[in-house]
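K.L.:
Submitted below is the structure of interest, expressed as structure tokens.
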Amino acid sequence: MPKNKKLIVANWKMNPQSLVEAKKLFLGVKKTASGTSNVQTVICPPNVFISELNKLYSGHRVSFGAQDVFWKEKGSYTGEISPEEIKSVGAEYVILGHSEARAFGETNEIVNKKVIASLKAGLNVILCIGESKRDAHALYLKFLTEQLKTALLSVGRKELKNLIVAYEPIWAIGKTDEDAISPHQMHEMYIFIKKTLTELYDKKIALNIPIIYGGSAEPDNVNELLVEGEVDGFLVGHASLEAREFNEILKIANKK
Ligand code: PGA
């Protein structure tokens, strides 16, 4: 995982509906992504498209990632896919603990197993945390601490060099830039997450773990979130499905 670069991750979710469209979308961002030297772009399409898209690219500025994996290496787990398998078709990253997976029953304990297995396989892990709503007593901070703490249980210090934390408040996902987090709130969360990581490990380790933001990251809000929010990048959902918008985000991040 390159240091000193902004990390812009495209989370295509379950889109688009065909390989033809996936190739078209990828080719629409490939040129800009190849030209933005201060940015590491990570495209996370549905798993079935990874190997075909990987064939269309040979540089280093774009990497591919999966949106989930199973925690076992191999065996009788119908329908699942292992970190090694996804790596073998070109994925270098994996998104884990996304709120949409958690909504279908994924617990912190399951996320922890996936984090351990993925780091062991040598994948860069994008660990998602995020509260569904905020309360006046700030109990959501406890909830976030618990998400981080449990997901990282038994994860050794050495493996943390391949960890990225994605802060994705559920209340901001899939909306518009106006509903996203404010730069000030983001900055508070940045400090909070670093502090929590310092408590779990130490300051040096915490400083080295990139923190990216997800939840309606769009061309209109990424600049201020980078400057005032101090984020190290973005996990981009709907805006990554429009080549023009995603390219715009890449160009803005490249200037920082
Ligand atoms: P959004 O999705 O950018 O559409 O809000 C982000 C995500 O869910 O990762």
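K.L.:
How would 61, 102 line up by accessible area, probe 1.4 Å, largest first?
P.N.:
Details: 61 80, 102 45 Å².
Per-residue accessible area, sorted high to low, gives 61, 102.
K.L.:
Can you work out the accessible area per residue across the stretch 118-229, with the rest of the protein chains kept in place, probe 1.4 Å, in square angstrom?
P.N.:
With the other protein chains kept in place, the stretch 118-229 gives 46 Å² per residue.
K.L.:
Just how much of residue 241 is accessible, in Å², when a 1.4 Å probe is used and the result is rounded to the nearest 10?
P.N.:
Counting only protein heavy atoms, residue 241 exposes about 60 Å² to solvent.
K.L.:
Checking the table 120/194; 133/194; 6/149; 5/158; 87/256 against a 27 Å threshold on Cα-Cα, which pairs fail?
P.N.:
87/256
K.L.:
So, one more: If you place +1 on the Cβ of every Lys and Arg and -1 on the Cβ of every Asp and Glu, how big does the dipole about the Cα centre of the stretch 153-208 come out, in debye to the nearest 20?
P.N.:
480
K.L.:
Moving on. Could I get the Rg over Rh figure for the stretch 138-227? Both from C-alpha atoms, Rh via Kirkwood, rounded to two places.
P.N.:
Across the stretch 138-227, the Cα-based Rg/Rh ratio is 0.98.
K.L.:
Sort out the exposed loop chymotrypsin sites (Phe, Trp or Tyr not before Pro) in the chain (DSSP loop, at most 15 other Cβ within 10 Å) and tell me the longest stretch that has none.
P.N.:
That would be 105-256.
K.L.:
So, with a 1.4 angstrom probe, what is the percent of accessible area on the chain that is carbon and sulfur?
P.N.:
Looking at the chain in its full context, I get 52 percent from C and S.
K.L.:
Taking 1 over the mean of 1/r across every pair of different Cα atoms in the stretch 61-145, what Kirkwood radius in Å do you get?
P.N.:
So the Kirkwood estimate lands at 13.8 Å.
K.L.:
³J(HN,Hα) across the stretch 191-201 via Karplus (A = 6.51, B = -1.76, C = 1.60, θ = phi - 60°), whole Hz, x for Gly/Pro?
P.N.:
Those phi angles translate into 5, 4, 5, 4, 5, 4, 5, 5, 5, 6, 10 Hz.
K.L.:
In the stretch 9-75, what GluC sites (Glu not before Pro) fall in a loop by DSSP, with at most 14 other Cβ atoms inside 10 Å?
P.N.:
73
K.L.:
Calculate I(q)/I(0) for the stretch 6-254 by the Debye formula, one identical point scatterer on each C-alpha and no solvent, and give its log10 at q = 0.08, 0.13 Å⁻¹ to two decimals.
P.N.:
The Debye formula, applied to the Cα set alone, gives -0.27, -0.76.
K.L.:
Shifting gears a bit: List the aspartates and glutamates whose Cα lies under 15 Å from the Cα of residue 30, skipping any in the same chain that are fewer than 8 positions away.
P.N.:
Leaving aside aspartates and glutamates fewer than 8 places away in the same chain, those within reach of residue 30 are 21, 52, 242, 245, 248.
K.L.:
Let me have the relative contact order for the stretch 6-254, percent, based on Cα pairs under 8 Å that are six or more residues apart.
P.N.:
RCO, the stretch 6-254: 22 percent.
K.L.:
Amide H to amide H, which residues 5 or more places from residue 7 or on other chains are under 5 Å from it, using H placed in the peptide plane?
P.N.:
Here 40, 233, 234 satisfy the definition.
K.L.:
Hey, any idea what Rg/Rh is for the stretch 5-44, computing Rh the Kirkwood way over Cα pairs?
P.N.:
Reported Rg/Rh (Cα atoms, Kirkwood Rh): 1.01.
K.L.:
Leaving ligands, DNA and RNA out of it, rank 31, 142 by accessible area with a 1.4 Å probe, largest first. Don't jump to the answer; show the numbers that get you there.
P.N.:
Working: 31 170, 142 140 Å².
Result, largest first: 31, 142.
The values are calculated or read from the model by the stated rules, or taken from the named source; none is laboratory data. Values in this document were obtained by computation on a predicted structure and should not be read as measured data. In this analysis, Cβ positions are derived from the backbone assuming ideal geometry, glycine residues included, and neighbour counts consider all displayed protein chains. Please note that ligands, DNA and RNA were not included when accessible areas were found on the heavy atoms of the full protein model with its side chains. Shrake-Rupley method; radii C 1.70, N 1.55, O 1.52, S 1.80 Å.
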